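The structure under discussion appears below in the form of structure tokens.
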Amino acid sequence: MKFTVVWLPDAEEELAAIWVASIDRNAVTSATNRAERLLRTDAATLGESRKDDQRVYFESPLVLHFRVRPLDRLVEVFHVHRPQ
């Protein structure tokens with residue numbers, strides 16, 4: 001099943017800040033592209049489950065927090081950060 005991936009405004013801002021501050025912007029861009037590809041096809045099983053319908057996925061150098069809405073075939077990325 002294919003999903004539409006939507007980045008909520010806070011997550012977009014976080015990703016932009018990570019990209020601007022990064023020494024290796026290509027790594028951030030590549031990780032984002034890989035994560036989006038996987039989220040479009042395997043969102044329901046990708047990463048680790050969290051409370052409610054939330055999941056977390058590690059795609060170095062990023063950590064993405066997202067919700068899967070299977071009935072809508074939608075993935076909402078609501079938070080992204082670098083691993084600590």
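The values are calculated or read from the model by the stated rules, or taken from the named source; none is laboratory data. Being a predicted model, the structure only gives us computed values, none of them experimental. Positions of Cβ are backbone-derived with ideal geometry, glycine not excepted, and every protein chain shown enters the neighbour counts.
Taking residues in region 1-19 that are without any contact (Cβ under 8 Å) to a residue 24 or more places away in the chain and under 19 Å from ALA43 (Cβ atoms), and partners anywhere that are surrounded by 15 or more Cβ atoms within 10 Å (Cβ to Cβ) and of a type in the set (Val, Ile, Thr), the pairs with Cβ atoms closer than 9 Å and at least 6 places apart or on different chains are GLU12/VAL77; GLU12/VAL80.
Here is a list: VAL20, VAL28. Which entry is hydrophobic (A, V, I, L, M, F, W, C), in a helix (DSSP H, G or I), at pLDDT 95 or above and surrounded by fewer than 13 Cβ atoms within 10 Å (Cβ to Cβ)?
Values: VAL28 fails: surrounded by fewer than 13 Cβ atoms within 10 Å (Cβ to Cβ).
Among VAL20, VAL28, only VAL20 is hydrophobic (A, V, I, L, M, F, W, C), in a helix (DSSP H, G or I), at pLDDT 95 or above and surrounded by fewer than 13 Cβ atoms within 10 Å (Cβ to Cβ).
Can you find, within region 9-36, the residue that is farthest from PHE66 (Cα to Cα) among those that are in contact with an Asp or Glu (Cβ under 7 Å, 6 or more places away or on another chain) and not charged (D, E, K, R)? First the steps, then the outcome.
Just the residues of region 9-36 that are in contact with an Asp or Glu (Cβ under 7 Å, 6 or more places away or on another chain), to begin with: 31, 34-35.
Those left that are additionally not charged (D, E, K, R): 31, 35.
Details: ALA31: 15, ALA35: 11 Å.
Across region 9-36, the extreme among qualifying residues is ALA31.
Scanning region 61-74 for residues that are at pLDDT 95 or above and either within 9 Å of the chain's Cα centre (by Cα) or not in a strand (DSSP E or B) (or both) yields PRO61, LEU62, VAL63, LEU64, HIS65, PHE66. The residues of region 31-51 that are more than 17 Å from ARG73 (Cα to Cα) and in a loop (DSSP other than H, G, I, E, B), listed by number, are GLY47, ARG50, LYS51.
Filtering region 45-63 to residues that are among the hydrophobic types (A, V, I, L, M, F, W, C) and free of Cβ contacts under 8 Å to residues at least 40 places away in the same chain leaves LEU46, VAL56, PHE58, VAL63. Taking the criterion of being on the phi > 0 side of the Ramachandran plot and surrounded by fewer than 14 Cβ atoms within 10 Å (Cβ to Cβ), the residues of region 40-77 that qualify are ASP52, ARG73.
With respect to ARG55, determine if the residue is charged (D, E, K, R) and not in a strand (DSSP E or B). Can you show your working first?
Details: charged (D, E, K, R): yes; not in a strand (DSSP E or B): no.
For ARG55, the condition - charged (D, E, K, R) and not in a strand (DSSP E or B) - is not met.
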